[in-house]
1. With every protein chain left in place, what is the accessible area of Thr204 in Å² (1.4 Å probe, nearest 10)?
2. Defining a contact as two alpha carbons under 8 Å apart and six or more residues distant in sequence, what relative contact order in percent does the stretch 120-170 show?
3. Return the FRET efficiency for the residue pair Arg348, Val212: r is the Cβ-Cβ distance, R0 is 22 Å, and the value is rounded to the nearest 0.05.
4. How high is the relative contact order of the stretch 59-202, given as a whole-number percent (alpha carbon pairs under 8 Å, six or more residues apart)?
5. Take the Cβ-Cβ distance between Asn29 and Ile126 as r, set R0 to 25 Å, and report the resulting FRET efficiency rounded to the nearest 0.05.
6. Which percent of the accessible area of the chain is formed by carbon and sulfur heavy atoms (probe 1.4 angstrom)?
7. Keeping all protein chains in the complex and leaving out DNA, RNA and ligands, what accessible area do you get for Arg115 with a 1.4 Å probe, in Å² to the nearest 10?
8. If you average 1/r over all unlike Cα pairs in the chain and invert the result, what Kirkwood radius do you get in angstrom?
Amino acid sequence: LRGGFGVGFNVQQAATLADSRANPPWVTNLTLLGTNIVYAVPSDPKQFSGWPVNPAAKQTFDAATGLPLSGAAITMFGFPAEQNTPTTYRYSLDVQYDLGHSWMASVGYQGSQTRNYSRRRDLNLIYYPNLNPRVNRLNWTSNDAAAHYNALLTEIQRRFSRQFTIDVQYRFSSNTDQGSQDYYSDNYPWDINASNGPSDFDVTHDFKVWGVYTPTFFKGRHNWLEKVAGGWTLSSIVSAHSGFPWTPTYSNTGNNVVYQNSGFGTLRPAAYSGGAEEDYGNGAFMRSNGNFPKGALAYFTVPAWPATGIPSAPGVGRNTFRGPRYFGLDATLAKAFGLPKTKVLGERAKLNLQANFYNLFNKINLTGVNRTISNDGKTSNPLFGQAQSAFSGRIIELQARFRF
């Protein structure tokens with residue numbers, strides 16, 4: 001019987017904050033066209049400095065805000081002066097029992113709670129209509145999101161002999177969060193609760209079987225024969241799990257949601273009427289419309305948004321639907337050649353040759369489900385619900401290693 005609890009703290013990631021180094025007046029950029037392009041040389045073209053400056057390239061800044069007084073509106077990045085520390089609480093409880101005859105079984109629980117991880121929002125959308133005409137977008141990074149993980153872990157192991165071991169594992173789990181990667185900005189940034197949903201990498205059911213076979217052909221006085229004919233290792237792992245989650249979206253808004261030329265335009269449906277199929281095999285995700293055979297608009301209501309102002313909360317949660325399930329078999333075949341004992345190499349010198357087979361049966365595992373409901377709000381997108389890509393096919397990797 002084993003159990004544990006721990007608290008982990010992480011430093012603030014510099015990458016999520018470093019974008020602000022491009023804010024004016026530290027960095028500014030401009031585009032010169034037509035008569036603004038001026039070429040001139042100094043009186044002495046050999047001089048290193050003192051070349052004439054193009055007047056059109058000069059920018060003046062507001063002393064109070066540091067923003068340029070001319071040119072197009074700019075994009076800026078910001079964050080609170082004091083960020084909360086990302087913190088994760090981890091805990092587990094595991095029971096293992098010897099069943100006899102070399103069988104071992106275990107059942108366990110594992111969980112974690114994460115607080116204060118980062119997300120990103122455009123404050124122009126949040127505080128509209130209080131806009132600064134000199135700022136096109138203000139990307140704000142704050143540490144205020146949370147994640148939750150809970151899992152039931154089961155395992156049974158059998159060592160048939162010193163030559164063969166097999167292990168079977170099953171995990172039933174739930175992993176939820178409010179954004180699954182850095183720089184995440186939800187398509188409804190006005191309420192953090194609208195971001196709640198399964199993690200992008202959440203897998204409800206995960207099943208694995210692995211085994212290792214290391215035969216010994218010759219023993220005792222025939223040890224030299226074992227060096228020649230033995231040294232084989234065959235290992236394999238079968239992995240199968242349920243599909244990853246995804247979110248249906250509608251994007252034909254002209255990027256004018258909240259206010260004109262906001263650059264924001266991807267929304268979730270206003271409602272889901274139900275009735276979709278629940279087939280997670282390859283066949284379902286290869287056909288047009290996937291599990292939505294009547295077309296996306298027969299299942300989802302196109303969202304409405306005002307000419308100006310915040311749209312209504314989405315009627316479909318984040319990562320509500322599931323993609324195709326996964327199955328794969330990987331294997332390794334290795335042979336170790338024992339070398340004769342010498343003063344230079346010693347008695348344990350070996351040449352190891354190994355072949356790794358990934359996705360040995362070349363099984364198609366689809367991914368990249370199309371999420372776009374409609375391109376015009378009137379006609380269903382025929383690609384909706386259909387997988388657009390696949391994970392790698394069979395890969396064979398050869399290795400050689402000399403050890404002494």
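The values are calculated or read from the model by the stated rules, or taken from the named source; none is laboratory data. On a predicted model such as this, the values are computed, not experimentally measured, just so you know. Please note: Cβ atoms are built from the backbone with ideal geometry, for glycine as well, and neighbour counts cover all protein chains shown. Heads up: the accessible areas ignore ligands, DNA and RNA and are worked out on the full protein's heavy atoms, side chains in. Shrake-Rupley method; radii C 1.70, N 1.55, O 1.52, S 1.80 Å.
1. For Thr204, solvent-accessible area is about 40 Å².
2. 27
3. Efficiency at R0 = 22 Å is approximately 0.55.
4. So the answer I get is 22 percent.
5. Calculated value: 0.45.
6. 57
7. Arg115 has an accessible surface of roughly 90 Å² with all protein chains in place.
8. Final number for the Kirkwood radius of the chain is 27.1 Å.
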